[in-house]
1. Among the residues of segment 26-43, what is the count of those that are out of contact with any helix residue (DSSP H, G or I) (no Cβ under 6 Å at 6 or more places or on another chain) and within 15 Å of Ala73 (Cβ to Cβ)?
2. Which of the residues belonging to segment 113-152 are touching a Lys or Arg at 6+ places or on another chain (Cβ under 6 Å) and closer than 18 Å to Leu71 by Cβ?
3. Please go through segment 137-159 and pick out each residue that is touching a Phe, Trp or Tyr at 6+ places or on another chain (Cβ under 7 Å) and part of a loop (DSSP other than H, G, I, E, B).
4. Residues that are buried (at least 19 other Cβ atoms within 10 Å of the Cβ) and modelled with pLDDT of 90 or more: list the strands (runs of 3 or more DSSP E) wholly contained in segment 1-102 that include at least 2 such residues.
5. Specify the residue that is farthest from Val113 (Cα to Cα); the eligible residues are those in segment 155-171 that are surrounded by 10 or more Cβ atoms within 10 Å (Cβ to Cβ) and among the charged types (D, E, K, R).
6. Among what's in segment 125-145 and is more than 20 Å from Glu77 (Cβ to Cβ) and not β-branched (Val, Ile, Thr), pick the residue that is surrounded by the most Cβ atoms within 10 Å (Cβ to Cβ).
7. For Ala44, only one of the following conditions fails: (1) of a type in the set (A, V, I, L, M, F, W, C); (2) more than 23 Å from Ile121 (Cβ to Cβ); (3) under 24 Å from the mean Cα position of the chain (by Cα). What is its number?
8. Test each condition in (1) part of a strand (DSSP E or B); (2) open to solvent by less than 30 Å² (accessible area, probe 1.4 Å) for Pro114 and report the one that comes out false.
Amino acid sequence: MSRIGRRPVAVPAGVTVTIDGSTVQVKGPKGDLTRTFNQDISFALANGELTVSRPSDEPRHRALHGLSRTLVANMVEGVTKGFVRTLEIQGVGYKAEMKPYGVNMIVGYSHQVPYHAPAGITIKVENNTVVKIEGADKEIVGQVASELRAVRPPEPYKGKGVRYQGEQVRRKAGKTGAK
C-alpha cells in the first residue's frame, strides 16, 4: 500500500471539508478550494481526519492514491497557512513595481512587462527587487512564480535576471580574448 496515501490528513479547527462523490471542497480562513479527483479514488472524513482509499493494487490506482492524498493535504494547508514563493531580481536597473492589477517589471527590455495576477493571488514587492507571491492554491502560486521568472531567466555570465530566492545560478567563464 502507498506509504503516502495511507497517512490520514488532519483537518484543523476552523476548516470544513465537504465530500461530494469525487469532488472535495475545503473552506478555511484563507479561502476555499475545490478539486475533482479520479472517480476510482474514495475519500472518508471521520474524527477530524480525512482518509483516502483506492479500489485495487493496480499501478494506476497506486499512483493516484498518493497523488490524491497529497493534493488534499496541500488544499488543507493552503486554506490554513497559505503558500508563498519569493523571487529576487538581480541586475543594474532591474526592478519591479506594484500595480493594482499585479506587478510591472522593468528587466532590461525596451518596454515594461506588466503581469496581471490571477484571482486569489497576492503579489507584494519589497525593496523593488524582491517579489512575494502569496495564495491558497499551491499550484497557482508556483505557476505565477514560474511565469514571472520566465520574463527574464537568470543568464549564466553575469547572473542578471529573475530567480527564485535561494536558487543557485551556474556561472560560466566569459571569452578569454587571447590569440
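1. 2
2. Across segment 113-152, the qualifying residues are Ala136, Val141.
3. Passing the criteria: none in range.
4. It comes to 23-28, 49-53, 83-90.
5. Among residues in segment 155-171 that are surrounded by 10 or more Cβ atoms within 10 Å (Cβ to Cβ) and among the charged types (D, E, K, R), the one farthest from Val113 (Cα to Cα) is Arg171.
6. Applying the filter and picking the extreme gives Asn128.
7. (3)
8. Tallying (1) part of a strand (DSSP E or B); (2) open to solvent by less than 30 Å² (accessible area, probe 1.4 Å), Pro114 fails exactly one: (2).
The values are calculated or read from the model by the stated rules, or taken from the named source; none is laboratory data. Because the structure is predicted, anything quoted here is derived from the model rather than measured. Because the Cβ atoms are built from the backbone with ideal geometry, glycine has one as well, and the counts that use them run over all protein chains shown. What goes into the accessible areas is simple: the full protein's heavy atoms, side chains included, and nothing from ligands, DNA or RNA. Shrake-Rupley method; radii C 1.70, N 1.55, O 1.52, S 1.80 Å.
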